[in-house]
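The values are calculated or read from the model by the stated rules, or taken from the named source; none is laboratory data. Note that the structure is predicted; figures quoted are calculated from it, not measured. Cβ placement follows ideal geometry from the backbone for every residue including glycine, while neighbour counts extend to all protein chains displayed. Note: accessible area is taken over every heavy atom of the protein model, side chains too, but ligands, DNA and RNA are not part of it. Shrake-Rupley method; radii C 1.70, N 1.55, O 1.52, S 1.80 Å.
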Amino acid sequence: MEDELRNIAKVFLERPDAECFIGYETSPDGSIRPVFIRSPGEVDRLVWNRECFTNLAAYLPNFREKEGIVGIAVKGCDARSLRELIRSRQVDRSKVYIVGLPCTDKGLRADEGDGIAERCFGCVFPENFEYDAVLGPMETPGLPPRSEDDMLSGLLSEERFAFWEKEIEKCISCDACRKICYGCFCPECIFESRQPRWVTNRRSLAEKFFFHSVRAFHLVGRCIECGECERACPAGVRLMLLNRQLQNDIENLFGCKGIGVTEEPPPLLTFSKDDPDPFSGGHE
Ligand code: SF4
Ligand code: SF4
Ligand code: SF4
């Protein structure tokens, strides 16, 4: 399958309008990292295996101003984020060449051993997604559903607060969770603003709470639950518990199928004159 990927990337990079091809390579320490291939002679660096965790679609908004076409290898879950990036006009579909990477029924590798990565349980591929090339049928692999156990659901609100206080206290304010997320693409981020300055560099616990509340609410209705933020966190903050809670609320409230799965826009990015909530401009 890697040979096929390399051939597809080579043919793409021979095009005069090709800017680069974004894929995965093996780093000197043996781990898998993103790679930006710019010439057909370099395609042998490309790999595809169960350790290709990074969502490469997160790099695409950086190419917005480029003239050329960017080739990119995407897994099914990454394709969901790519659909959202196209829909929110961060990526011009005519300026990307999308190569679909099919997953096996083992998904990505868990952190330890040969098990399935947590994010892959309950995996759903996007419907009718328009790939330019695929390495095989892009169908949802038959992975077991995610456990519905929510360790926080039985807790009183004070107990939940105590849980989150402990989690958020661990945060070292490195911003890796924000930088790795495909959905954090605002050219001017509130956390980088100096005028007004919302958070200081040495964040207090209150500022960390502010950071995490804003981050989570900015992504609600767009988070594809790829787990990249939690994977990037050097302090082990349980960010996916927060992301999933908000995502479940959105799906239960609006009955949506999953962000980026269908052509339907995310519920918080749409508007209906029939909305029963008068605030949304529906009924008088
Ligand atoms: S969530 Fe699905 S598409 Fe994404 S890596 Fe896991 S198995 Fe593949
Ligand atoms: S799981 Fe994290 S990194 Fe992935 S889309 Fe959601 S907030 Fe962003
Ligand atoms: S990656 Fe972890 S430590 Fe860094 S800001 Fe995010 S939650 Fe805090």
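Separation of the range 106-133 and the range 199-272, taken as the distance between their Cα centroids, equals 19 angstrom. The lysines within cross-link reach of Lys179, meaning a Cα-to-Cα straight distance under 26 Å and a gap of 8 or more places when in the same chain, are Lys66, Lys75, Lys95, Lys166, Lys170, Lys208. Against the empirical 2.2 N^0.38 Å (N residues), the chain has a Cα radius of gyration ratio of 1.06. The amide H of Gly71, built 1.01 Å from its N in the peptide plane, has Glu19, Cys20, Phe21, Ile22, Tyr97 as neighbours under 5 Å, considering only residues 5 or more places off or on other chains.
For the range 19-151, the antiparallel share of DSSP beta bridges with both residues in that region comes to about 45%. With the whole protein complex present, Trp48 retains an accessible surface near 40 Å², based on a 1.4 Å probe.
Tell me the net charge near Phe63. Cut-off is 9 Å between Cβ atoms, Phe63 excluded, with +1 for each Lys or Arg and -1 for each Asp or Glu.
Local charge sum for Phe63: +1.
Only DSSP H runs of four or more residues enter the estimate; each adds -39500 (n - 2.57), and after division by the residues of the chain the mean residue ellipticity at 222 nm equals -8500 deg cm²/dmol. When a/c is below 1.5 the answer is rounded, else prolate if a/b is larger than b/c, else oblate, so apply that to the range 86-218 with a ≥ b ≥ c taken from the square roots of the Cα gyration tensor eigenvalues. Oblate.
Ranked from largest, the principal axis spans of the Cα set of the range 157-269 equal 42, 36, 24 Å. Label separation (Glu112 vs Phe271): 5.1 nm, computed from points 7 Å beyond Cα along the C-beta direction. FRET efficiency for the pair Thr262 and Lys166, taken as 1/(1 + (r/R0)^6) with r the Cβ-Cβ distance and R0 = 41 Å, rounds to 0.60. Using 0.36 nm per residue and subtracting the Cα-Cα separation, the extra length available between Asp92 and Glu14 on full extension is 26.0 nm.
In this structure the amide hydrogen of Glu25, modeled in the peptide plane, comes within under 5 Å of the amide hydrogens of Arg33, Val35, Val47, none closer than 5 places in sequence on its chain. Computed over the alpha carbons of the range 113-176, Rg followed by Dmax gives 18.5, 51 Å. Here the average projected area of the convex hull drawn through the C-alpha atoms of the range 1-153 stands at 10.5 nm².
Give me the percent of accessible area attributable to carbon and sulfur for the chain, probe 1.4 angstrom. Numbers along the way, then the final one.
Values: 8030 of 15510 Å².
Of all accessible area on the chain, carbon and sulfur atoms account for 52 percent.
Taking 13 Å as the straight-line reach from the Cα of Lys106, the aspartates and glutamates in range (excluding those fewer than 8 positions away in the same chain) are Glu51, Asp114, Glu118. Among beta bridges identified by DSSP and lying wholly in the chain, the antiparallel ones come to about 40 percent.
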